[in-house]
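What follows is one structure encoded as structure tokens, with my remarks underneath.
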Amino acid sequence: MTQTSSADVLVNDSIAIVRSRFAEVPTAAIILGSGLGDLADEITDAVVCDYDELPGFAKSTASGHRGQLIGGKLAGVSIVAMAGRFHRYEGYSDADVTFPVRVMAGLGAKLMIVSNAAGGLNPSLSVGDIVVLRDHIDLARSRSLLLEHVTEKTIAGELLTDRTCICRSREIYDVKLRELALNAARRADFHATLGVYLATLGPTYETRAEYRMMRSFGADVVGMSTAPEVRVANLLGMRVLALSMVSNIAKPDADVAAVASHSEVLAAGRSAAFKLRAIVETVLRSSDW
């Protein structure tokens, strides 16, 4: 058995375990990022699977990540949620990081909502703002991402030609979902804006020079996740919405550079959780997806 076919077996094994425990087929999937795990407490009729119970799942080691796959209801919709994700800086490949996405898609989820805590690059942003992603730049992308964890040249039954990859990459972030998110923020009277996410390997925070470089690239926020997950979700045919909560602001030209800490990121996430909840619940209740 080849390595790639072994990965497919693990996906199917995990799907079988989850299906045996979840009462309903999830129609939406949610990935909860740093400081945003408390949204998991809003899930009703929750059924929890620890990652170490699921074949092929890595171990989540980042602080604030529970390491659980949760099924249940949110805003009346059957969902599956990752309370804690995997990061490339933990030593995992893109294949490991995106493995749960394959499982959630295989369970039947058609919508993927991804959240993260990110550093603000755009000077107009403030801590606690929500950035609705319209695009991303992945500086740590593995060129073998699409082939290292799927059957030799296919995923979801589709041939991975250059044409397929290019077409799927043009609009990863769903336009209608972005509008729903922005409208939800306006109704709830908090600031949200469209922006570009820049993904790095991590786990270190950026230098002043790196912040300046990232701004010159056109990025609005920077983080260490999300890009590989949404790329695979898109390739699997899922509609994707991604939300960044601004946890700190880059000020590369200040006299004294601010140093971000993970505890500050977690605290900012907890204080902004109501904003993410308002957007997520609005999107789930909508008929547009």
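Condition check: basic (K, R), modelled with pLDDT of 95 or more and outside any loop (DSSP other than H, G, I, E, B). Does R215 satisfy that? Judged against the criteria, R215 is a match. In the stretch 230-245, the residues that are farther than 17 Å from Y197 by Cβ form Cβ pairs under 8 Å with partners that are at pLDDT below 95 and among the aromatic types (F, W, Y), at six or more places apart or across chains, as follows: R239/W289.
All of (1) assigned to a helix (DSSP H, G or I); (2) surrounded by 15 or more Cβ atoms within 10 Å (Cβ to Cβ); (3) modelled with pLDDT of 95 or more; (4) not acidic (D, E) hold for I137 with one exception: (1).
If the condition is being surrounded by 14 or more Cβ atoms within 10 Å (Cβ to Cβ) and at pLDDT below 95, then the stretch 23-45 contributes E24, L32, G33, S34, G35, L36, G37, D38, L39, A40, E42, I43.
Filter the stretch 179-205 for residues that are aliphatic (A, V, I, L, M) and either part of a helix (DSSP H, G or I) or in contact with a strand residue (DSSP E or B) (Cβ under 6 Å, 6 or more places away or on another chain) (or both) and give the result. Show your work before the answer.
Pass one, the stretch 179-205, residues aliphatic (A, V, I, L, M): 180-182, 184-185, 188, 192, 194, 196, 198-199, 201.
Matches in the stretch 179-205: L180, A181, L182, A184, A185, A188, A192, L194, V196, L198, A199.
Any idea which residue in the stretch 267-289 is modelled with the highest pLDDT, counting only those that are closer than 13 Å to N183 by Cβ and part of a loop (DSSP other than H, G, I, E, B)? Filtering first and then ranking leaves S286. Filtering the stretch 80-120 to residues that are open to solvent by 10 Å² or more (accessible area, probe 1.4 Å), among the small types (G, A, S) and either part of a helix (DSSP H, G or I) or in contact with a Lys or Arg (Cβ under 6 Å, 6 or more places away or on another chain) (or both) leaves A95, A105, G106.
The values are calculated or read from the model by the stated rules, or taken from the named source; none is laboratory data. Small disclaimer: the values here were computed from a predicted structure and weren't measured. Every residue, glycine as well, gets a Cβ built from its backbone with ideal geometry; the counts of neighbours run over all protein chains shown. Keep in mind that these areas ignore ligands, DNA and RNA; they rest on the heavy atoms of the full protein, side chains included. Shrake-Rupley method; radii C 1.70, N 1.55, O 1.52, S 1.80 Å.
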